[in-house]
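Read-outs throughout are calculated quantities, based only on the coordinates presented, and are distinct from any laboratory measurement. All values reported here derive from a predicted model rather than from experimental measurement. So basically every Cβ, Gly included, is an ideal-geometry build from the backbone, and we count neighbours across all protein chains shown.
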Amino acid sequence: MIGNTDRHQDNWGWLRLGQEKHVDWSPAFDNGTSLGHEILERNFPKFQESSRLDRYISNGHHHVKWLMEDEKPMQHVELVRRYVAEFPETRDHIMKCLAVDMDQLEIQLRELCEFECKVSFSEARCDFVILLLKTRLAALSAALGA
């Protein structure tokens, strides 16, 4: 849902839990490029125009291609749509991943604005991230026929 296109081999991690030999995926990290870190706050109002926001989101391309001979890597929503078309048994699982309680997520994101730190998560940035997430969620849902 976050549309992170920076999933190359150096951006995956494993966690070793305790002294046991159990390992598991680490939480997602290095997500800045998918959450608008490069956009200055003074430019957020420009993204209230849906065509500009849609363009920003559609410009997110993965490092992966569908086929080796493809010239360009795939756009995020198209990759998910094509993946489900090729492997329909994954659709239910992906739809469960998209069943996000946006109201609860928004509450949790707004709590991050309360942390005092060197680089704070401002209300304006929080609003922008929420807008990005809602727009991507709608695009993914539409692409999967939900």
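Here are some notes:
- Two-site label geometry, Gln104 and Leu131: point separation in nm, points 7 Å out along Cα→Cβ: 2.7
- The packing ranking of peptides 128-139, 93-104, highest mean first, is 128-139, 93-104, where packing means the average number of other beta carbon atoms within 10 angstrom of each residue.
- Here the simple spin-label model places points 7 Å from the Cα toward Cβ, and for Arg55 and Glu69 these points are separated by 3.4 nm.
- Full extension of the chain between Glu114 and Asp24 yields a length gain of 29.4 nm, computed as 0.36 nm times the residue separation minus the alpha carbon distance.
- At R0 = 41 Å, FRET efficiency that the Cβ-Cβ distance of Arg16 and Glu41 yields, to 0.05: 0.60
- The range 60-121 gives an Rg/Rh value of 1.18, both radii derived from C-alpha positions and Rh following Kirkwood.
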